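Let me begin by presenting the structure, written as structure tokens, before commenting on it.
Any read-out appearing in this document is the output of simple, stated calculations on the displayed coordinates, not a laboratory observation. Please read these numbers as outputs of a predicted model, since none were measured by experiment. Positions of Cβ are generated from backbone atoms using ideal geometry, with glycine treated the same way; all protein chains shown enter the neighbour counts.
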Amino acid sequence: MCGIVGVLGDHEVAPILVEALKRLEYRGYDSAGIATVNAGRLDRRRAVGKLVNLSDLLVHDPLAGKSGIGHTRWATHGAPSIANAHPHRARRVAVVHNGIIENFRALRDELVAQGAGFESDTDTETVAHLAQVFLDQGLAPREAAERTLERLEGAFALLFLFEGEDDLMIAARKGSPLAVGHGEGEMFVGSDAIALAPLTHRITYLEEGDRAIVTRAGAQFFDDQGRPVNREIRTIEIDATRVEKGGYKHFMAKEIAEQPSVMGDALRHYISESGEIVLPGGGIDFTRVSRLTMVACGTAYLACMTAKYWIEQLAGLPVDVDIASEFRYREPPIPEGTLAVFVSQSGETADTLAALRYCADKAQRIVSVVNVPESSIARESDLALPILAGAEISVASTKGFTCQLAVLALVALEAARQRGTLDAPTLARHIEDLRSMPGRLNAALATEPRTEAIARLLSEATDVLFLGRGAMYPLALEGALKLKEISYIHAEGYASGELKHGPIALVDNTVPVIVLAPHDRLFDKTVSNMQEVMARGGKVLLVTDARGAAEAGEGVWQCLAMPEVPELFAPILYALPAQMLAYHTAVAKGTDVDQPRNLAKSVTVE
Ligand code: F6R
């Protein structure tokens with residue numbers, strides 16, 4: 001949350017900062033701002049709302065300078081306003097920040113007592129005033145930044161820019177990611193490598209506690225004790241076309257449509273031509289695992305819930321699934337033989353990272369399933385399994401979810417192989433079924449016109465329920481999450497058998513009930529629950545296949561027929577109608593699909 005960027009360039013930096021911020025806007029869009037040093041003079045421009053407002057402001061009120069920092073905000077402390085927009089500044093220093101300074105109230109009181117005048121409600125402004133106090137004591141910028149950092153508690157990625165210093169930025173990382181980009185006589189800093197992709201592919205990731213003193217000649221790195229450290233420069237290849245809309249109206253539409261192709265990439269990465277599963281880095285020895293603990297947030301958590309059905313059923317391994325923000329403070333015991341698995345698209349989610357560190361402290365072997373291979377979660381894992389979905393820009397996760405499912409399905413099958421819980425022909429059939437998923441996803445995408453028509457009807461609703469049984473239950477939760485986050489329609493997902501234990505009281509003829517029910521061994525049970533809804537006047541949208549539609553489609557409000565899919569992997573395919581319904585409902589309602597209100601893509605605060 002919040003994107004930060006810095007450039008020591010060889011020409012005007014404002015447009016470069018704005019371009020880089022565009023690639024970080026997925027991290028927050030409550031306000032944006034930049035600061036530059038021009039002929040030694042520090043100045044800034046800030047605007048509330050989307051980045052386009054800052055761009056417009058810069059047209060009328062440009063900002064010169066070849067050194068600058070920028071920020072796109074997801075508000076934590078203080079409402080979105082100009083005063084609360086970053087960069088924050090004291091007289092001779094400007095800062096941009098991602099994270100939360102937890103002791104900011106005490107620092108602020110102390111600084112106010114010393115005469116500092118605060119303009120904002122943010123935690124970040126304390127950092128600027130604190131640095132100014134040290135500058136006033138005669139310390140050089142580097143020492144002033146160091147002394148400031150010593151006083152800060154909480155999580156941060158911080159970037160300092162100083163009046164009178166055209167060739168200096170100071171970056172610091174504690175808990176929030178930060179990358180330094182190396183150019184030719186130019187240097188860059190950004191929250192991630194995507195922000196810097198068109199500027200340079202040569203990236204150094206700051207480790208936890210690191211500071212970087214950046215000049216045009218290069219960067220020097222220091223650990224949290226101030227000792228010089230060597231940090232590797234990696235060459236990161238980011239396919240720029242994956243960061244463009246490519247003719248689609250929204251990133252979400254593009255990312256939904258990309259699913260067959262990116263899932264194909266992921267499956268080819270993990271399945272050899274002869275049909276064997278190959279996990280990188282020596283894989284996982286499942287013969288020594290007696291249970292799994294899977295931890296994640298949001299949609300990634302729902303991928304874990306789905307995987308629980310697969311791993312328990314196929315490999316006979318018990319699985320605990322936890323929401324990271326609960327897991328980290330519950331301090332659960334981790335019995336011998338537990339494998340801890342963390343799932344995260346961004347690889348930067350603060351709670352998931354904290355849960356990972358909790359398990360690492362207990363000397364657990366850490367496995368992660370991530371999309372961003374250079375992310376903190378990937379780098380702090382013993383084994384990182386990439387999902388290879390490519391950059392996911394839309395705030396609502398789509399291809400990230402289905403690629404997580406594909407990789408987790410492979411993990412379940414590999415566990416079953418090693419533990420001998422599946423015979424070879426059955427295993428081979430499941431692997432073949434999984435390989436057939438990209439083609440089936442294409443067929444599911446072909447139902448889009450019908451989904452769109454139904455979505456127009458759904459957009460009239462104020463409440464929607466999703467039902468599913470077995471592995472379709474987590475998908476009911478995912479369908480509801482997707483719908484509410486982008487269309488703002490209140491939606492809940494339930495296990496279909498659970499409805500009569502309370503939620504059925506919500507059913508009336510104004511509440512569409514979306515039943516996710518492929519014609520599988522649980523179909524009749526789900527249909528009974530559906531009948532209970534219809535008997536109470538509920539409007540049912542049945543999402544099923546041709547057999548399901550023939551058997552139970554009559555009398556329902558709407559029926560959406562999906563292509564046939566092997567029962568085991570139905571959650572992967574049925575994710576697509578859930579995503580398309582949410583997408584088209586949001587489009588019909590005219591909401592901001594890619595950047596829904598109050599949300600951000602990368603949740604780096606707890
Ligand atoms: C919902 C969504 C979020 C994320 C959650 C975890 O569409 O995208 O619920 O799934 O914030 O994010 P990652 O996977 O990056 O850890």
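For a test of the definition: using alpha carbon positions, the gyration tensor, and the 1.5 limit on a/c, classify region 389-438 as rounded, prolate or oblate. Write down the numbers at each step before the final one.
Values: a/c = 4.59, a/b = 2.41, b/c = 1.90.
Prolate.
Note the full-extension length gain between T421 and V112 as 0.36 nm times their separation in residues minus their Cα-Cα distance, in nm to one decimal.
Numbers: separation 309, 0.36 × 309 = 111.24 nm, distance 6.61 nm.
Roughly 104.6 nm would be gained on extension.
Can you pull the percent of Cα pairs in region 303-398 with separation above 20 Å? Present the calculation step by step, with values, prior to reporting the outcome.
On the way: 1682 of 4560 pairs.
For region 303-398, the fraction of Cα-Cα distances above 20 Å is 37 percent.
Suppose the chain between D167 and A443 were pulled fully straight at 0.36 nm per residue; how much longer would it get relative to their current alpha carbon spacing?
Details: separation 276, 0.36 × 276 = 99.36 nm, distance 5.53 nm.
Once the chain is fully extended between D167 and A443, it gains 93.8 nm.
Only bridges with both residues in the chain count here: give the DSSP antiparallel percent, nearest 5. Mind showing how you got there, number by number?
Numbers: 62 of 101 bridges.
The answer is about 60 percent antiparallel.
Sticking with the crude label model, points 7 Å out along Cα→Cβ, report the distance from E273 to D223 in nm, one decimal please.
Calculated label separation equals 4.6 nm.
Collect residues whose amide H, placed 1.01 Å from N in the peptide plane, falls under 5 Å from the amide H of G390; neighbours closer than 5 in sequence don't count.
Answer set, sorted by chain and number: none.
What is the spin-label model distance, in nm, from L457 to S261 if the labels are put 7 Å beyond Cα along the C-beta direction?
Simple spin-label model gives 3.3 nm for this pair.
Is there a pair in K174/K484; K22/K539; K399/K539; K308/K482; K399/K589 whose C-alpha atoms are over 31 Å apart, and which pairs would that be? The partial results should precede the final answer.
Working: K174/K484 33 Å; K22/K539 42 Å; K399/K539 29 Å; K308/K482 21 Å; K399/K589 23 Å.
From K174/K484; K22/K539; K399/K539; K308/K482; K399/K589, over 31 Å: K174/K484; K22/K539.
Quick one: angle between helix 259-270 and the longest Cα principal axis of the chain, in degrees between 0 and 90, rounded to 10, please.
Its long axis makes an angle of about 90 degrees.
Enumerate by residue number the trypsin sites (Lys or Arg not before Pro) in region 54-142 meeting two conditions: DSSP loop (anything except H, G, I, E, B), and at most 14 other Cβ atoms within 10 Å of the site's Cβ. Let's see the in-between values first.
Values: sites: K66, R73, R89, R91, R92, R105, R108, R142; in loops: K66, R91, R92.
In loop regions of region 54-142 (DSSP not H, G, I, E or B), the sparsely surrounded trypsin sites (Lys or Arg not before Pro) are R91.
Relative to the longest principal axis of the C-alpha atoms of the chain, give the angle of the C-alpha long axis of helix 424-435, reported between 0 and 90° and rounded to the nearest 10°.
In the chain, helix 424-435 runs at an angle near 60 degrees to the longest axis.
As a footprinting exposure proxy, order H490, H86 by other Cβ within 10 Å, with the fewest listed first. Show your work: numbers first, answer last.
Values: H490 14, H86 30.
Lowest to highest Cβ neighbour count: H490, H86.
For a test of the definition: using alpha carbon positions, the gyration tensor, and the 1.5 limit on a/c, classify region 111-262 as rounded, prolate or oblate. Kindly include the intermediate steps, with their values, before the conclusion.
Details: a/c = 2.44, a/b = 1.71, b/c = 1.43.
Prolate, since a/c reaches 1.5 and a/b exceeds b/c.
For region 1-79, compute Rg over Rh where Rg is the Cα radius of gyration and Rh is the Kirkwood radius from the inverse mean 1/r over Cα pairs.
Values: Rg = 11.7 Å, Rh = 12.2 Å.
Rg divided by Rh gives 0.96.
Distance in nm between label sites at R330 and E232, each 7 Å beyond Cα in the beta-carbon direction?
Going from the R330 label point to the E232 one covers 3.5 nm.
If you average the sequence gap of Cα pairs under 8 Å that are 6 or more apart and divide by the length of region 533-594, what percent do you get for the contact order?
24 percent
So what is the relative contact order of region 196-353, in percent, for Cα pairs below 8 Å that sit 6 or more residues apart?
17 percent
Report the far tail of the P(r) of the chain, meaning the percent of Cα-Cα pairs longer than 33 Å. Present the calculation step by step, with values, prior to reporting the outcome.
On the way: 85989 of 183315 pairs.
Here the long-distance tail beyond 33 Å is 47 percent of all Cα pairs in the chain.
Regarding region 29-138, what whole-number volume in Å³ per residue does the convex hull of its Cα atoms give? Working shown, then result.
On the way: hull volume 10.5 nm³, N = 110.
Dividing the Cα hull volume of region 29-138 by its residues yields 95 Å³.
Rounded to the nearest 500 deg cm²/dmol, what is the calculated helix-only ellipticity per residue at 222 nm for the chain, with -39500 (n - 2.57) per DSSP H run of length n ≥ 4? Could the numbers behind the result be given before it?
Numbers: 20 runs with 225 residues, N = 606.
For the chain, the value works out to -11500 deg cm²/dmol.
Using Cβ counts within 10 Å as a stand-in for footprinting exposure, how do V367, V289 rank, fewest first?
V289, V367
What ranking do S397, S290 get, fewest neighbouring Cβ atoms within 10 angstrom at the top?
Ascending Cβ contact count within 10 Å gives the list S290, S397.
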